[in-house]
Structure formats: C-alpha cells, structure tokens
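To start, I am sharing the structure in question, which I have written as structure tokens.
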Amino acid sequence: MTTHKGKVVELESAVIRFAGDSGDGMQLTGNLFSDSTAFAGNDFATFPDYPAEIRAPQGTVSGVSGFQIRFGANDIHTSGDRADVLVAMNPASLKANLKWVQSNGIIIVDTDAFTEKNLAKAGYETNPLEDGSLNGYLVVQAPISTLTKEAVKEMALDNKSAMKSKNMFTLGMVFYMFNRDYKKTFSFFEQKFKKNPVIVEANKKVLEAGYHFADTLEVFANTFKIEPAPLNKGRYRNITGNLATSWGILAASERSGRNVFLGSYPITPATEILQEIAKHKQFQAISMQMEDEIGGVVSSIGASFAGALAVTSTSGPGLSLKSEAIGLAVMTELPLVIINVQRGGPSTGLPTKSEQSDLMQALYGRNGEAPVVVMAAKSSADCFYGAFEAAKVAMEHMVPVILLTDGSIANGSEVFKIPKVADLPEIHPPIVKANDPNYAPYKRDAEKLSREWALPGTPGLRHRLGGLEKEDITGNVSHDPLNHQKMSYLREEKVERVANYIPDLEIEGDEDGDILVVSWGGTYGVMLTAVEELRAEGKKVSLAHFRYIKPMPKNTTEVLSKFKKIIVCEINLGQFVNVLRMTFPQFTYRQYNKIQGLPFMVNELKDQFNALLNE
Amino acid sequence: MESKIQTQPVKLSKEDFESDQMVKWCPGCGDHAILRSVEAVFPVVGEKLNLNKEDFVVVSGIGCSSRFPYYMNTYGIHGIHGRAAALATGIKVANPKLNVWMISGDGDSMAIGGNHFIHVARRNVDITYLMFNNRIYGLTKGQYSPTTFKGQKTKTSPQGVFEQPFNPGELVIGSRGKFFARVVDTNPKLMQKVFIEAAMYRGASIVEILANCVIFNNKIHGDITGRDTKADNQLILEAGKPMIFGKENNKGIVLDGTRLKVVTIGEDGVTEDDILVHDPTTEDAGIHMMLASMMTPEFPVALGVIRATPFQTLNDAVWESVEHEKEVSPYKNVDDLLNSGNTWEID
C-alpha cells in the first residue's frame, strides 16, 4: 500500500469534536474514537452535547448532536475548551459548533450536505464554504455522502442504509489523521451488527474508504501522533459517569453482602443507571421501574426496611418529587442512597444540559429539620467511588445520602483504572442479631449515633417505624416537646459525625498562597486544569475541591484560612458559596458562576483568576 | 437471598400480635373491629403458611386506618400519605419470604395514592391490602373523599359534592387486578374468613372494608349494615354457590341479556337453577365487574371474595429472573463486570 503521509507531527494533546444531525450517529462515532484512543494508550475525557429531542427537525441547528473528546500524552482532566478538529456533517452542525473551534483549527465537512436547502435550514444566507467566512481555518472539503455510496455500491444496500454508515467515513478520515489502526474497530461492527452481516461489511468498507481517502488524496498536509500517557500500571477502561455510578453501587452490594434494590423512574440524564442495574439480576440486584418518582424512592425505603442496599436514581425534578419520602427516611433512620444526576432547571429546564443547581435542594429541600449526607462525585470515573462511598456511609451510619453527579460527568467519559473489589473498603452495616436482649429501635451507637438495623423476619426484634416523631431509645410515637428537640439534635449530630469517617479536604497545589480556588462536584477536571496551568506559570493558586458537602471535611476551616483570597466557582448562581458564607463567616468569598448549560472552560477560569491576582 | 426465617412449625396465638400501645381510635369506630379480626387471623395465616410471628410486616400510609401498624405487635412501618403500596412493594420484592399486610383508607388509596393503588393491582405484588372505606377524611376532620357520594355535604363540600365517587372494586378490576373482596366492619366472621382467603391468595389481594366513621360520617353504610336492611342489601358471595340473598333467602341474581338483574325465586317461573353461580377464579372479569358495581337500592352490595384469579406474582417473576440470570450470566462477581468489554493493560 502506498502511503502519501506527510510529516508526522507530535502533539501533547488534541481535541476533536464530531457534530451532525441527531440521527447521524455522532455519539457512536465519538465512542468508537474513544475506544481507539484507549487502545492507543492516551488519557482522555469526553463530553457529549446533544438535544433533548430524539430526532429534532433534520438539518436545523436545534437538532445538532455533538461529541467532544480531548486526549493526550499526559493526564487529561477535561474534555477541552475548543476543538482542534471539527467534523461537521451538515451546515447546521458547522453553524452550531464553529464557536467551539480553535482559530486555526481543522474543519472536515461533507460538501454533499451543503445544499441550498440545508444552508437555508441552518440559517446561512451564503455558503460558508465559499464566502470566505472560514478563512483562517483549514477546511477539508470532502463529498462524504457520495464517497460513502461509492464505497458500498457493489453491495445490496438501499440508499438509506448506505447513508447511515457515512459517519464511519469521517471516522476513517480522523483515524488517518491521528495514525490509528482502523482495523481494531472492525470487531465492534461484528459485535453490534452480528445479525446483519451486510451492515457489518458496509461499515467496514466505508471506514476503510474514509481512511484511504484521507491517505491517497493528501487532504492533510501532515498527520498527528500523540504518545501514550504515562498511566500507572494496571488495567483500564473507558467509563461514563452513569455506568461508574451503577457499578459503584454493585461493588458496595458485594462488599456489604446486601442486595441492591433500586426503585426508580426514567428521567434524563439519570436513566442509564436504572437501565444498567436492570441488567444485573445475577448479583441479586433488583431494579423496579415504578409508576412515578415517589413510587421509586418509597419502594426503596420499603426495601431498606427489609434489609436491602436501597437506592433511588433521578434528576432534579424527580428529586423535588421525592422530597417528602426522603424525610421519611430521615425520620425512620434507614439507609438510602439518592443519586441525583443534576440537569439545567428549574422545572423541566434544560434536560440534556448540565448544571450544579440542585445543591440547596439536596441540603434543605424537605419539610422540617431533615438533615441528610450530601456528597458530589468529581468526575465520570469518580462516580464509581462516589456511589460506593454513598452506600457505605448510608448503611454504616443509617442515614440517607444524596449523591450529586451531573449531566456532564454522567454522560461524559474518561479513563478508569479498574479496581479490585477486594481492595475497596469493607462495609459493615449495623445489623442486629436475632433475639438481642439489648435491642431497642432508637438506641444509638455511641460514636456514630446511628441506630441499628433490625431486619423483618429476625426473631425477637419486632418493632414499628414511621414518619411520626420517635421517642428516644424506644422508638415509640412521641409528641413530647423535649424529646422532639433532643431527636432533632441527634439526627443533625449523626450526620455531622460522618465527618469523623471521611477523608480530609485535599489541596491541589501549595497549602497557602494568593488564591484558593474552591469548587465541588463535576467541575473538578476543568478546575484542576486551570489551576495547574496557572501554577505552571508560577502563580500562587491552589485548588480545594469538595466531594463532601454535608458534613464538610474537618480540616475545611484550616484549608480556607491559609489563602489571601478565596474564589468559589460553580455552574449555578452561587449555592455552595452561600453555604460557605453561612458556615464559615470569618472568610471573604468571591464567586464565579456560569449558568448556560455548558461546562466551564479552562481559559475563562484562568482569566478570572488572573484578574483576581491582579486586583 | 438472605434468610433468617426459621422453618420449624410454630403455634401462634392472638396474643402474639397484640400491641401494648394505647389504641387511639374514637370509641365506636369501625376500625376497632377490624383490628380484632386481623389479630385473630394472623395466627391462622401463620399456621397455614408456616410462618413465625416475625415474618409478618404491617405497612400503612396516612389517615385513621394507617395508625394500624402501631397497634399490632409485628414488624411495621407507618409511611407517608398515599405511598404505602410502594413501601409494601419494596418490602415484598426485597424479601419475598415476609408476609406483608397493607392498611390504607379511601383517601390514602383512591386520592393521593391512586397511582400506586392501580399499579400495585396491575403488578400483582403478593401482599394483602386492607382498604378501610368510610367515604370521608376522618383524621383531618370531615372533608369529602373520592368515595363520598355525589351531593353529600361535608366541610369542603358545603353545597354537596359535585363529583361522582370511585368504586374501589371497579378500579381494581379495571387495573387488571386479580383479587378483589369486600366486607363490612360489622361482620367479624366474614371479615376473618375473607382476610384468610386474601392472605392465602398469591398476589395483590385487595379487600375493601366498608367501615363506619362514627364522628364524621356515621351510618354512611347504614342501609348495607343496618339490622333490618342488611339481609336484603347484602349478597354474600361464596365460590360455587348460587347468588341468593334476602330476608326470606329467596332473592337471587340472574344474567338478563348483558346485565345483572335481581329476581325472586318462585315468581315469574324463576327457580334456583336460574340463579348465577359464583366463580371468582374466571379470568374474564365481566361478571366480577358487574358484581363489584352493584349498589343499593337497585341491587344488594356484593360481599365476600368477588374475584380471585390465579396469576404470577411480581415477586415470583423478579426472583425467578434472578435465578435464571445467575445461571446464564457471564459475570460471577463484580470484578468480572468491571473487567468486561474493552479494557487495556498498562505495564
């Protein structure tokens, strides 16, 4: 095979964004490129950006589906600000995504799709491929649709089926650009379309055609290579946040010996957790798709009473519906994990976009004094540990735990070092032995203040729980004023004492300096990248990223006290910053907030921090 | 599945289930009689199903009836308004060895909990569901419920209720429920018989209890339960027996075209052979629905087990699937799962 490869340019990292109509298979294309990136040994992070509609009006800007991946020869914590390469399958996807492309970036377009009709649908008055508006970019124009049809013309394939594989043509082109072995993707086709050998063959042919087209036509002046990242020894996989969350729960089940019971209801962007747990009955993990969000959480509380590792998964509007029931779990002091994959709100809001705006709801969104543990996973892979820890804390402390993730990390993916379940912490739920003469329903552990878990069916431990206030120790219904005050304090203190069992707040960077950047939840990757880049420039900036919000780590005051300025960055109007102001009023907090349904970008953060440094 | 349940036969008594808590229902409330009947049947059910006293769980929602778990000495949970069916579903599916009883009222089941009610029936979760229907909100002191009759004046319907009421039996059958029975709080013998049948039935056995609220809706079921009127206004159904009722025991139900009709045996040439024979087990719900719908004064009210059709329970379906997946799944433990699919090794 002759190759026309020019110079191979070595890069530290690169960002590619695949964009097309929501039916064009861009998510699949992105995922296949991610798999190939994994095999190439790079570290990476991905970010899908898709509309709420399954098939929004074809060819329109609102129907554009995107998938961004950043991969590199070093640690990658974010899916990247702007794309080095944009693949745009039609005018609408170019229009929607041009603002995300580096000023000198490469844009690959399917010229066949730039028809007058499609240009009009996208709102272009003139053809951007001809009017000079793309000057400054390297635009690779390829008649992708025609070439795809050409590649499969000898096969008995109708036009529609043939067109469905055009995304593989672009994948072939991108594989060529980054010197990837395209044959590794063949096994995926064989798996995915195993009932339809013609489709397997067609996808292979189109992928190969794209690769060779890029090669023989010398469309790229040079190709790129990114060395493998120096990852620690071990076995790795690509994982999305929702998958990691599900598996973290399953691992906690195995480690605790408690069957999973997930009572849930489909809601974007949390549904994949219900779907995933539903696949794993072999682990005695039960999922119930209940009639509504309330049925989901309440069935889980029932299962918790019966002795299961009880979980409910949802997103913001669903958390609102579950509020009253979470109060029941607070009062009955039963373990319950509530996974809230945050999305844009209020109301239906932006279902497919990400936000961190449910923090106040998680902390306070119930009637009465109803404290629960609130924690937040920091990345797609960390969702595994977040879910595992949430389950451990819920069961060992007999308390509801709200685990906050968000649409970005739930659907985004990153490289995950696969742990061994036996190496994860042990989980010891306080289950009462049969006929324990000292058992009392609301007798508490002296250290944790948790009550014990007496499972129905166990001889000698019959008792009644419920939403009415409980008498200390006995658990009998009580309207006594002083008892209510005492129990209110006990429930609060039980949650606060979880702080004795969680890790200290870590500081990325020096322990003192000019600016402490504070963040929580799914923004970790971009925050860390911004802070690391500033530190590389010699600036005295450090990052404190919170995973536990209630209770906060015990060293929080100490960490906050060592810096001249504190800035709290959140994808909301400033919820955590206000929790900090309330909890540690001795410090002054600046805040940086963004609420556009989009993640932070490294550069915008650096600009903020630089401005603060220069004040 | 974990099992802490002993299997040796045990002899249980009524006293095993009596609570030491003070029962705080109003004097004269129908709920007292229901409580006594439930206490009486638990030992019988325990013996029939070889259960320990610890295997019973009593679950409830909110309302007068829902204080029930506190008045029984069993494992129990008093939930939130309307959601007891979801609680019970979680308990039963998580541990199918437990014998789960659910207590609810007409407001709890038909209004705020309507969604859970129809779905627990549809899913056929193996629980015994006692729905106390006093056609009023008692604990909040006298507002109309979804079973209050049209036109009745209550605190929230001073001009009379504008809405038509639900008939719980129709709702159960309309939700493809497989078991529905109806009893009155004034007939402990019938209550106990039906509660035992409901507990023995594998599936969601929903029993409507026409209960009297002595304070806010006194004698609302008076024409059905009254000493002088009950014989003519109650049809007590028994499987395999003709549907005969009345003071003289000479009235019966026949199928007239597509409708039920009350006839008198010995009049117009009607003989006992013309009277419908009750079959609660037919899958076809046609007659069951008509029986559940019968109301005074045109008809007697049907009591006893109206419908009891065999059908797979949800908990059985789930756990059979678990057993099957254990055999066929390639994943024996979570490590297998974590390492499945595309993975790669860094040396």
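Give me P(r) over the stretch A:1-69, computed from all C-alpha to C-alpha distances, binned every 5 Å, as integer percentages.
Answer for the stretch A:1-69: a P(r) of 3, 16, 21, 17, 15, 13, 9, 5, 2, 0 percent.
Taking the 0 to 90 degree range and rounding to the nearest ten, how far is the long axis of helix B:31-49 tilted relative to the main principal axis of chain B, both from C-alpha atoms?
50 degrees
Under 17 Å between alpha carbons, and skipping anything fewer than 8 positions from A:K149 in its own chain: which lysines qualify?
A:K160, A:K164, A:K166, A:K204, A:K205
Taking N as the number of residues in the stretch A:275-431, what is its alpha-carbon radius of gyration divided by 2.2 N^0.38 Å? Numbers along the way, then the final one.
On the way: Rg = 15.1 Å, N = 157, 2.2 N^0.38 = 15.0 Å.
My calculation over the Cα atoms of the stretch A:275-431 gives 1.00.
Turning to a different aspect of this structure: What does the structure give for A:302-315 when I average, per residue, the other chain Cβ atoms found within 10 Å of the residue Cβ?
Across A:302-315, the average partner-chain Cβ count within 10 Å equals 5.
Mind giving me the FRET efficiency for A:T115 and B:D335? R0 is 51 Å, r the Cβ-Cβ distance, nearest 0.05 is fine. If you can, show how the numbers build up before the last one.
Values: r = 52 Å, r/R0 = 1.03.
Step by step, r from the Cβ atoms, then E = 0.45.
Rg over Rh of the stretch A:7-226, using C-alpha atoms and the Kirkwood radius, what does it come to? Before the final figure, lay out the partial values.
Details: Rg = 16.3 Å, Rh = 17.4 Å.
Using Cα coordinates only, the ratio equals 0.94.
A further question on this structure: Have a look at A:G344, B:A40, B:S145 and report the one farthest towards the positive end of the charge dipole of the protein assembly as shown, computed about the Cα centre with Cβ charges (Lys/Arg +1, Asp/Glu -1).
Positive-most Cα among the choices belongs to B:A40.
Another question about this same structure. Hey, what D do you get for the stretch A:446-583 in µm²/s if you plug the Kirkwood alpha-carbon radius into Stokes-Einstein at 4 °C and 1.567 mPa s?
Values: Rh = 18.2 Å.
Result for D is 71 µm²/s.
In nanometres, what is the gap between the two model label sites at A:S187 and A:E227, each 7 Å from Cα along Cα-to-Cβ?
Distance between label points: 2.7 nm.
With angles folded into 0 to 90 degrees, how steeply does helix B:114-123 sit against the dominant principal axis of chain B? Use alpha carbons for both and round to 10.
Result, in degrees: 70.
I would also like to ask the following. Whole-Hz Karplus ³J(HN,Hα) for the stretch A:470-486, in order, using 6.51 cos²θ - 1.76 cosθ + 1.60 and θ = phi - 60°, x for Gly and Pro?
For the stretch A:470-486, the Karplus curve yields 9, 6, 3, 6, 6, x, 5, 4, 9, 10, 5, x, 5, 4, 4, 4, 5 Hz.
In 20 Å bins starting at 0, how do the alpha-carbon pair distances of chain B split up by percent?
Bin by bin from 0 Å, the calculated values are 29, 53, 15, 3, 0.
For a paramagnetic label modelled at 7 Å from the Cα of B:Q159 toward its Cβ, which residues of the stretch B:118-153 fall within the zone defined by backbone nitrogen distances under 17 Å?
Taking a point 7 Å out along Cα→Cβ of B:Q159, the residues of the stretch B:118-153 whose backbone N falls under 17 Å are B:144, B:150-153.
Expressed as a fraction of 2.2 N^0.38 Å, the rule-of-thumb size for a compact globular protein of N residues, what is the C-alpha radius of gyration of the stretch A:370-521? Show your work: numbers first, answer last.
Numbers: Rg = 19.2 Å, N = 152, 2.2 N^0.38 = 14.8 Å.
The value comes to 1.30.
Sort A:203-209, A:243-249, B:187-193 for me by packing, meaning the mean count of neighbouring Cβ atoms within 10 Å per residue, highest on top.
Details: A:203-209: 22.6, A:243-249: 28.0, B:187-193: 17.4.
Ranking, from highest mean packing down: A:243-249, A:203-209, B:187-193.
Rounded to whole Å, give me the distance from the Cα center of the stretch A:3-43 to that of the stretch A:562-615.
Spelled out, the Cα-based centre of one part sits 33 Å from the other.
So for the stretch A:172-310, what are the equivalent ellipsoid semi-axes in whole Å, largest first, each being the square root of 5 times an eigenvalue of the Cα gyration tensor? Intermediate results must be reported in sequence, preceding the final value.
Numbers: eigenvalues 377, 72, 38 Å².
After diagonalising the Cα gyration tensor, the semi-axes are 43, 19, 14 Å.
With the Cα gyration tensor of the protein assembly as shown in hand, give its eigenvalues times 5 under a square root as the equivalent ellipsoid semi-axes, listed largest first in whole angstrom. All intermediate terms of the calculation are to be shown ahead of the outcome.
On the way: eigenvalues 708, 241, 122 Å².
Whole-Å semi-axes of the equivalent ellipsoid: 60, 35, 25.
If you don't mind, there's one more thing I want to ask. I need the peptides A:252-258, A:602-608 ranked by packing, meaning the mean over residues of other C-beta atoms within 10 angstrom, with the highest value on top.
On the way: A:252-258: 21.7, A:602-608: 17.9.
Listed from highest to lowest mean packing, they are A:252-258, A:602-608.
Right, here's the next one. Take the alpha carbon atoms of the stretch B:249-313, find their center, do the same for the stretch A:265-281, and report the distance between the two centers in whole angstrom.
Cα centroid to Cα centroid, the span is 46 Å.
For A:N500 paired with B:V328, estimate the spin-label separation in nm (one decimal), with each label point 7 Å from Cα along the Cα-to-Cβ line.
The answer from the label model is 4.9 nm.
Hey, can you rank B:109-121, A:579-591 by average C-beta count inside 10 Å, highest first? Numbers along the way, then the final one.
On the way: B:109-121: 23.5, A:579-591: 14.7.
Per-residue mean Cβ counts within 10 Å order the peptides as B:109-121, A:579-591.
Please name which of A:F576, A:I595, A:Q27 has its Cα lying farthest along the dipole of the protein assembly as shown towards the positive end, using unit charges on Cβ (Lys, Arg +1; Asp, Glu -1) and the Cα centre as origin.
A:F576
Using a Cα-Cα cut-off of under 16 Å, which lysines could be cross-linked to B:K247, ignoring same-chain neighbours fewer than 8 residues away?
B:K230
Further question: Based only on Cα atoms, what Rg/Rh ratio does the stretch A:549-615 have, Rh being taken as Kirkwood's radius?
Numbers: Rg = 12.8 Å, Rh = 13.1 Å.
Dividing the radius of gyration by the Kirkwood radius yields 0.98.
Something else: Below 8 Å between Cα atoms, with a sequence gap of 6+, how large is the relative contact order for chain A in percent?
Details: 1371 pairs, mean separation 71.4, N = 615.
Reported as a whole number, the value is 12 percent.
What fraction, in whole percent, of alpha-carbon pairs in the stretch A:238-502 exceed 26 Å separation?
On the way: 12579 of 34980 pairs.
Percentage above 26 Å: 36.
Let me ask another. Which value in Å is the Kirkwood Rh of the stretch B:164-267 over different Cα pairs? List each step's numbers first, then the result.
Working: mean 1/r = 0.0642 Å⁻¹.
About 15.6 Å, per the Kirkwood formula over Cα pairs.
Collect residues whose amide H, placed 1.01 Å from N in the peptide plane, falls under 5 Å from the amide H of A:F546; neighbours closer than 5 in sequence don't count.
The list, which skips near neighbours in sequence, is A:S519, A:W520, A:G521.
What does the average come to when, for each residue of peptide B:322-335, you count the partner chain Cβ atoms lying within 10 Å of its Cβ?
On the way: counts 8, 3, 2, 7, 4, 1, 1, 5, 1, 5, 2, 7, 16, 7.
Whole-number average of other-chain Cβ neighbours for B:322-335 is 5.
Treating only the Cβ of Lys, Arg, Asp and Glu as charged (+1, +1, -1, -1), what charge dipole size does the stretch A:488-564 show about its Cα centre? Round to the nearest 20 debye.
340 debye
May I ask you to sort B:W101, A:W453 by Cβ crowding, counting other Cβ atoms within 10 Å and putting the fewest first? Don't skip to the end; give the middle numbers.
On the way: B:W101 28, A:W453 21.
Lowest count first: A:W453, B:W101.
Next up: Please find the FRET efficiency linking B:E298 to A:K279, where r is the Cβ-Cβ separation and R0 is fixed at 60 Å, and quote it to the nearest 0.05. Display every interim value, and only then the final one.
On the way: r = 54 Å, r/R0 = 0.89.
FRET efficiency, B:E298 to A:K279: 0.65.
Right, something else. When each pair of different Cα atoms in the stretch A:92-174 is counted once in the 1/r mean, what is the Kirkwood radius in angstroms, to one decimal?
On the way: mean 1/r = 0.0716 Å⁻¹.
Every distinct Cα pair counted, the radius reaches 14.0 Å.
Taking every eigenvalue of the Cα gyration tensor of the stretch B:251-329, multiplying by 5 and rooting it, what semi-axes result, largest first, whole Å? Don't jump to the answer; show the numbers that get you there.
On the way: eigenvalues 346, 29, 17 Å².
Computed over the stretch B:251-329, the values are 42, 12, 9 Å.
Moving on. Could you pull out every residue, at least 5 positions away or on a different chain, whose amide H is within less than 5 Å of the one on A:H463? Hs are placed 1.01 Å off N in the peptide plane, and Pro or chain starts have none.
B:Y75, B:G76
Report, as an integer, the average count of C-beta atoms from other chains found within 10 Å of each Cβ along A:328-341. Could you put the intermediate results ahead of the total?
Working: counts 6, 0, 0, 2, 3, 0, 1, 0, 0, 0, 0, 0, 0, 0.
That average works out to 1.
Another question, if that's okay. Angle check, please: helix A:241-256 long axis (alpha carbons) against the longest principal axis of chain A (alpha carbons), in degrees 0 to 90, nearest 10.
40 degrees
What pairs in A:K233/A:K494; A:K7/A:K192; A:K99/A:K121; A:K322/A:K550; A:K95/A:K353; B:K24/B:K189 have C-alpha atoms more than 28 Å from each other?
On the way: A:K233/A:K494 40 Å; A:K7/A:K192 35 Å; A:K99/A:K121 19 Å; A:K322/A:K550 19 Å; A:K95/A:K353 19 Å; B:K24/B:K189 24 Å.
In this structure, A:K233/A:K494; A:K7/A:K192 lie more than 28 Å apart at Cα.
Continuing with this model, one more query. Under a crude label model (7 Å from the Cα following the beta-carbon direction), how far is A:D514 from A:S347 in nanometres?
4.5 nm
Using r as the Cβ-Cβ distance of B:D228 and A:D292, and R0 as 45 Å, what FRET efficiency do you calculate, to the nearest 0.05? Present the calculation step by step, with values, prior to reporting the outcome.
On the way: r = 46 Å, r/R0 = 1.02.
E(calc), rounded to 0.05, equals 0.45.
While we're here: Could you tell me how far the Cα centroid of the stretch A:55-83 sits from the Cα centroid of the stretch A:485-537, in Å?
29 Å
Only the coordinates and a few stated rules stand behind these numbers; no lab work does. None of the values given here were measured: they were computed from a predicted structure. Backbone-built Cβ (ideal geometry, glycine too); neighbour counts: all protein chains shown.
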